[in-house]
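*Asks:* Let me begin by handing over the structure; questions about it come next.
The values are calculated or read from the model by the stated rules, or taken from the named source; none is laboratory data. Just so it is clear, the structure is predicted and the values come from calculations on it, not from any experiment. Here the Cβ positions follow ideal geometry from the backbone for every residue, glycine too, while neighbour counts run over all protein chains shown. Just so you know, the surface numbers come from the protein's heavy atoms only, side chains and all, with ligands and any DNA or RNA stripped out. Shrake-Rupley method; radii C 1.70, N 1.55, O 1.52, S 1.80 Å.
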Amino acid sequence: MITVVAALIFKKDKVLIAKRSTGSKETFGKWEFPGGKVEKNESEKDAIEREILEEFEMQVKAIRFLTNNICTYPSNVIDLRLYECKYIGGDFKLHNHFEYKFVEIKDLLNYDLALADIPLAKFLEEEYNDKNK
């Protein structure tokens, strides 16, 4: 199993998603919460901060773990772990994505999300709806 971290980055009341321009045929062209693999001897928080810097040239600070999803793809099994992150600085420069958007949580499932990201979006939708009742 491969441990992969994903960033939940807010801008006002919207969250960041990005459309993959690299990767396997299962994730290419799909929307996702950006992130990447945790390297050997690297903490998950350090990994998400490094991955966002590499993929977008942006600095974030990992705040807290939110949820995870274990997903089986034809080529591997991943444990996708979502972390709330705070934007620190930098401008968007896309390296592994075609585009990015900030979208409302209630609209996440309207996008063609990667299979592993769908349960994370559902979790956020439930959390968001519970807080706004």
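*Asks:* Which whole-number percentage describes the relative contact order of the chain, with Cα contacts under 8 Å and a sequence gap of 6 or more?
*Replies:* 32
*Asks:* Can I ask one more? By the scheme Lys and Arg +1, Asp and Glu -1, what is the net charge of all other residues having a beta-carbon under 11 Å from that of Arg20?
*Replies:* Combined, the nearby Lys, Arg, Asp and Glu give -3.
*Asks:* Here's a follow-up. Under 10 Å, Cα contacts only: if you run a Gaussian network model on the chain, which one of Ile63, Ile48, Ile88 comes out with the highest mean-square fluctuation?
*Replies:* Ile88
*Asks:* Over the chain, give the accessible area per residue in Å² for a 1.4 Å probe, as an integer. All intermediate terms of the calculation are to be shown ahead of the outcome.
*Replies:* On the way: 7410 Å² over 133 residues.
Per-residue value: 56 Å².
*Asks:* Efficiency by 1/(1 + (r/R0)^6): what FRET value for Asn110 and Asp46, r their Cβ-Cβ distance, R0 = 35 Å, to the nearest 0.05?
*Replies:* 0.60
*Asks:* Segment 3-20 to segment 63-129: how many Å between their Cα centroids?
*Replies:* Taking the Cα centre of segment 63-129 as reference, the centre of segment 3-20 is 5 Å away.
*Asks:* Could you tell me what percent of the accessible area of the chain is made up of carbon and sulfur, with a 1.4 Å probe and every protein chain present?
*Replies:* Percent of accessible area from carbon and sulfur atoms in the chain: 47.
*Asks:* Counting other Cβ atoms within 10 Å of each Cβ, which chymotrypsin sites (Phe, Trp or Tyr not before Pro) in segment 74-133 have at most 13 and sit in a DSSP loop?
*Replies:* The qualifying sites are Phe92.
*Asks:* Reachable lysines from Lys30, Cα under 17 Å, same-chain residues fewer than 8 places away excluded?
*Replies:* The qualifying lysines are Lys19, Lys101, Lys122.
*Asks:* Using 0.36 nm per residue, how much length does the chain from Phe28 to Thr72 gain when fully extended, once their Cα-Cα distance is taken away?
*Replies:* Using 0.36 nm per residue and subtracting the Cα-Cα distance, I get 14.2 nm.
*Asks:* Go through segment 6-18 residue by residue and turn each phi into a ³J(HN,Hα) via Karplus (6.51, -1.76, 1.60, θ = phi - 60°); whole Hz please, and just put x for glycine and proline.
*Replies:* The phi angles translate into 10, 9, 9, 10, 8, 9, 6, 9, 10, 10, 7, 10, 9 Hz.
*Asks:* A further question follows. Can you give the helix-only mean residue ellipticity at 222 nm for the chain, where every DSSP H stretch with n ≥ 4 adds -39500 (n - 2.57) and the sum goes over all residues, rounded to the nearest 500 deg cm²/dmol?
*Replies:* Details: 2 runs with 27 residues, N = 133.
Only helices count here, giving -6500 deg cm²/dmol.
*Asks:* Which parts of segment 56-83 would a label at Lys12 reach, counting a residue when its backbone N lies under 20 Å from a point 7 Å out along Cα-to-Cβ?
*Replies:* Answer for segment 56-83: none.
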